[in-house]
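Here is the structure we will look at, set down as structure tokens.
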Amino acid sequence: MKKSTKHFLIYSLLVSFFSFVFLSILSFAGIFTSLENKLYDWRMKSFSKKFAVSDDFCYIGIDQDSINSANREKKWGWPWPRSSYAEIVDF
């Protein structure tokens, strides 16, 4: 290997290592958290305008009584099979 190529490789590795260490320290200190939160807010505000709100919303509450009832009536053990969710939504 040429001397200049070897020096470039060592220099690149050192710069990469110290950059990684520096950015890791900043990340653990929480410096990027506020920046990420602001960028997330901006993305949500920007892209949410492009989609209309859907009225197709369904809340399905599953409690222990539901699990016991499904086990008795349909023989569905927990976790329920995928087909059960379609049947619940159709109901």
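We did not get these values from a lab; they are worked out from the coordinates using the rules stated. As the structure is a computational prediction, the values presented were derived from the model and not from experiment. In this analysis, Cβ positions are derived from the backbone assuming ideal geometry, glycine residues included, and neighbour counts consider all displayed protein chains.
Observations, loosely collected:
- Among PHE51, TYR11, LEU26 the positive-end extreme of the charge dipole of the chain (Cβ point charges): TYR11
- Extension gain for the segment TYR85 to ASP41, taken as residue separation times 0.36 nm less the Cα-Cα distance, is 12.6 nm to one decimal.
- Three-way shape call for segment 27-91 based on the alpha-carbon gyration tensor, with the a/c threshold at 1.5: oblate
- Segment 1-73: chymotrypsin sites (Phe, Trp or Tyr not before Pro) in DSSP loop, at most 10 other beta carbons within 10 Å: PHE51, PHE57, TYR59
- Sum of -39500 (n - 2.57) over DSSP H runs of 4+, divided by residues of the chain (222 nm, nearest 500): -24000 deg cm²/dmol
- Shape of segment 1-52, Cα gyration tensor, a/c cut at 1.5: oblate
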